[in-house]
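The values are calculated or read from the model by the stated rules, or taken from the named source; none is laboratory data. The structure presented is a predicted model; accordingly, all values stated were derived computationally and were not measured. For neighbour counting, all protein chains shown are included, and Cβ atoms are generated from backbone atoms with ideal geometry for every residue, glycine included. With ligands, DNA and RNA removed, areas are computed over all heavy atoms of the protein, side chains included. Shrake-Rupley method; radii C 1.70, N 1.55, O 1.52, S 1.80 Å.
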Amino acid sequence: MATTTSTPRVPDAPPGPEGLKQGLSRGPDRAFKMLAGGSSAVVVALVVIVGVYLISKAWPSLAANGASFLTSREWSVADPDALRFGIAPLLWVTVISSVVAMAIAVPVAIGVALYLTHYAPPRVAKPFAYLVDLLAAVPSIVFGLWGARVLMPYVQPFQDALKSAFGWFPLFAPTAVQAGTIFLASIVLAIMILPIITALSREVFRQTPVGHMEAALALGATRWEMIRTAVLPFGRPGVVSAAMLGLGRALGETIAVTIILSTTTGAFSWSLFFGGETFASKIANAASEFDSPSKTGAYIAAGLVLFLLTFAVNAIARVIIDRRKGFTE
């Protein structure tokens, strides 16, 4: 009959210096993980709190609104018992001014970023990059005053030329507004968001793997062909992120747009050469009139739309970036 013998179990040896070192090193990692998770939770909670607050304050006015909130061009909130307000003109001016600003700023920003990273010598690129970054430190009110007092006379002949050549198109139709147009505000917004997009795009282009660029050059590509085949595809997600960040800045800009745009009470036009108000400038112009909950709720409802609009922009940017990452991986 076979017998089995069991080996006596040897007690675990106490941890050595390496084991103690690894155990101690996990403590800061766990603390940092908890701190990062808590910070993320706080940010999410703040966004939710802001959203809930806006909805709670805007809902009574929305319920009492006698006009279509999304399509009406009326804005009459003086009488709490006869509220009639809509955001159609505000939405149009906000979106079209930001889109035109993006159309102007993004190509220029990409060109400047490529020049600083792949064309300019270091002794030129470094101070030039500092100058571009300094534009982000200029206050909004300075941009607004500069646009209204200095830039407007130079933009006026260009506006007149566009009216003469493309006046048949609704976007360029002539109007009675000569100063403080949406077109002028778009140019100022483009200058304001230019340093943001340029700085982020520059850093993304710098991260392009050297092996990819050298491989393109070794195959006989010119510098531009190397940029087109290696640098731009690699940096596309980052450029999209930078552009969306600039778009968010343009959508929410208040002081500069308030100074530049001519208010056109009761009138509306699809033309870029017309005045108007954005969501932010509308709220800023009427901040002193928040004397009743119903009137305040109407303006908070407009702010809620701007809040949701920025969320939609960020969501679209995230979808584009994730899709591009899937293509490049």
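A simple spin-label model places pseudo-atoms 7 Å from Cα toward Cβ; at LEU134 and GLU225 they are separated by 4.0 nm.
Between the helical axis of 232-252 and the longest alpha-carbon principal axis of the chain there is an angle of about 50 degrees. Here segment 246-318 exposes an accessible surface that is 63 percent carbon and sulfur, computed with a 1.4 Å probe and the other protein chains kept in place. The spacing between segment 163-202 and segment 267-313, judged by their C-alpha centroids, is 20 Å. The residues of the chain expose, per residue, 58 Å² of accessible area to a 1.4 Å probe.
From Cα pairs below 8 angstrom and at least 6 apart in sequence, can you work out the relative contact order of the chain, rounded to a whole percent?
Answer for the chain is 25 percent.
Between LEU232 and VAL42, the simple spin-label model (points 7 angstrom out along Cα→Cβ) gives 4.3 nm.
To the nearest 10, the accessible area of THR254 is 40 Å² with a 1.4 Å probe.
Amide hydrogen proximity for PHE85: with H placed 1.01 Å from N in the peptide plane, the residues at 5 or more positions away or on another chain lying under 5 Å are GLY66, ALA67, SER76.
Please work out whether segment 46-198 counts as rounded, prolate or oblate from its C-alpha gyration tensor, where a ≥ b ≥ c are the square roots of the eigenvalues and a/c under 1.5 means rounded, while otherwise a/b larger than b/c means prolate and anything else oblate? In terms of gyration-tensor shape, oblate. Residues TRP146, TRP270, TRP92, TRP59, ordered by accessible area of protein heavy atoms at a 1.4 angstrom probe radius and largest first, appear as TRP59, TRP270, TRP146, TRP92.
Among 137-143, 115-121, sorting by the average number of other beta carbon atoms lying within 10 angstrom of each residue, highest first, gives 115-121, 137-143. Scan (i) 19.9, 66; (ii) 20.9, 76; (iii) 27.8, 112 for the value of Rg and Dmax of the Cα atoms in Å calculated from this model and give just the label. Given (i) 19.9, 66; (ii) 20.9, 76; (iii) 27.8, 112, the structure-derived one carries the label (iii).
Calculate what fraction, in whole %, of the accessible area of segment 47-158 sits on carbon and sulfur atoms when a 1.4 Å probe is rolled over the protein chains. Carbon and sulfur atoms account for 73 percent of the accessible area of segment 47-158.
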